[in-house]
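One structure below.
The values are calculated or read from the model by the stated rules, or taken from the named source; none is laboratory data. Please read all numbers here as calculations on a predicted model, not as lab measurements. Here the Cβ positions follow ideal geometry from the backbone for every residue, glycine too, while neighbour counts run over all protein chains shown.
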Amino acid sequence: MAGVNFPYNEPSQLRYAMVATIQFVAGINEEASGIKIRGSRNSPRKTAIFSFQQPKARKTNIRIERMRLMDDEGSFDVTDVRAQFLNGEFSGVECVYEMLTQMEFDRFMRFMERYAQETGMEFGQK
């Protein structure tokens, strides 16, 4: 329709900054209780281990089978998801993300920088 201006009709107005989120179930953002990154300095292969003490998705009737990491660059799924039990009682969820190339690791670190900024999580080395 000529002469009609919609509030968001310019492509630049449609863009928005997506926050970095972690989800087990679509629409339910989770907060990791801990993230460890392991790897050799000599090899591009790295491993990130995510811990969740009380995932919100557990309150749903949906089985947790993957973890999705999302930010403004896109998303990637982690399928190595394990329930943790202590003395027969649920104690959390652990997810292991294997990165085989430097490119995968660089992408992961960009996500982590955004996620840390969103959640107030800090990087530290042991």
> What are the pairs, 6+ residues apart or on separate chains, where a residue within segment 86-99 that is among the small types (Gly, Ala, Ser) and part of a strand (DSSP E or B) has its Cβ under 7 Å from a residue that is surrounded by 12 or more Cβ atoms within 10 Å (Cβ to Cβ) and at pLDDT 90 or above?
Replying inline: 91/84; 92/51; 92/52; 92/53; 92/84
> Of the residues in segment 39-58, how many are more than 20 Å from residue 119 (Cβ to Cβ), at pLDDT below 95 and of a type outside the set (S, T, N, Q)?
Replying inline: 4
>> Residues that are in contact with a strand residue (DSSP E or B) (Cβ under 6 Å, 6 or more places away or on another chain) and among the aliphatic types (A, V, I, L, M): does segment 86-97 have at least one?
In response: yes
>> Given (1) of a type outside the set (Asp, Glu); (2) within 18 Å of residue 27 (Cβ to Cβ); (3) surrounded by 15 or more Cβ atoms within 10 Å (Cβ to Cβ), identify the lone condition not met by residue 50.
In response: (2)
> All but one of (1) within 21 Å of residue 25 (Cβ to Cβ); (2) of a type outside the set (S, T, N, Q); (3) loosely packed, with under 14 Cβ neighbours inside 10 Å hold for residue 55; which doesn't?
Replying inline: (3)
